[in-house]
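These notes are about the structure you will find just below.
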Amino acid sequence: MVLASPMLIARLIGLAGIFAFPIAGTLAALGFLLEYLAWTVGFGAVALLRFQRPGGTLPSAPIVTA
C-alpha cells in the first residue's frame, strides 16, 4: 500500500482539473520512481539468490608463475 499510495493520490488529485496538474504530476513521478526502485531491488535479490553458487564460496583464480 505504501508503494502504490503516491500513484493513487496523484490520480485522485488529477480529477480536480488542470490546475492541480503540477501536484498530480509530481506525485505520479514520485510514485513511478518508488515502484521502479522496488521492482529493481526485488529483481536484483531474486537474481542474487538464483545464481548464487552452492556453498557460497567464490571460485579462486589459478596462480600463474612465470
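What follows is calculated from the coordinates using simple rules that are stated; it is not laboratory data. Computed from a predicted structure; not experimentally measured. Glycine gets a Cβ as well: all are built from the backbone with ideal geometry, and neighbour counts include every protein chain shown.
What are the ³J(HN,Hα) couplings of the range 25-33, residue after residue, when phi is run through the Karplus curve with 6.51, -1.76, 1.60 and θ = phi - 60°? Round to Hz, x for glycine and proline.
Karplus values, whole Hz, x for Gly and Pro: x, 5, 5, 5, 5, 5, x, 4, 5.
Sorted by average packing, counted as other Cβ atoms within 10 angstrom per residue and highest first, what order do 37-50, 8-21 take? Please list the in-between numbers first.
Details: 37-50: 9.9, 8-21: 12.7.
Peptide ranking by packing, descending: 8-21, 37-50.
Taking 7 Å along the Cα-to-C-beta vector as the label spot, tell me the VAL64-ILE18 distance in nanometres, rounded to one decimal.
With each label placed 7 Å out from Cα toward Cβ, I get 6.8 nm.
Would you calculate, for the chain, the mean residue ellipticity at 222 nm contributed by helices, counting each DSSP H stretch of 4 or more residues as -39,500 (n - 2.57) and dividing by all residues, to the nearest 500? Don't skip to the answer; put the middle values down first.
Numbers: 2 runs with 40 residues, N = 66.
The helix-only estimate for the chain comes to -21000 deg cm²/dmol at 222 nm.
For the range 5-51, what is the relative contact order in percent, using Cα pairs closer than 8 Å and at least 6 residues apart in sequence? It would help to have the intermediate numbers written out before the result.
Values: 26 pairs, mean separation 16.3, N = 47.
Result for the range 5-51 is 35 percent.
Just the number, please: Stokes-Einstein D of the range 5-51 in µm²/s, Kirkwood Rh from C-alpha pairs, 37 °C, 0.692 mPa s.
Working: Rh = 11.8 Å.
After rounding, the answer is 278 µm²/s.
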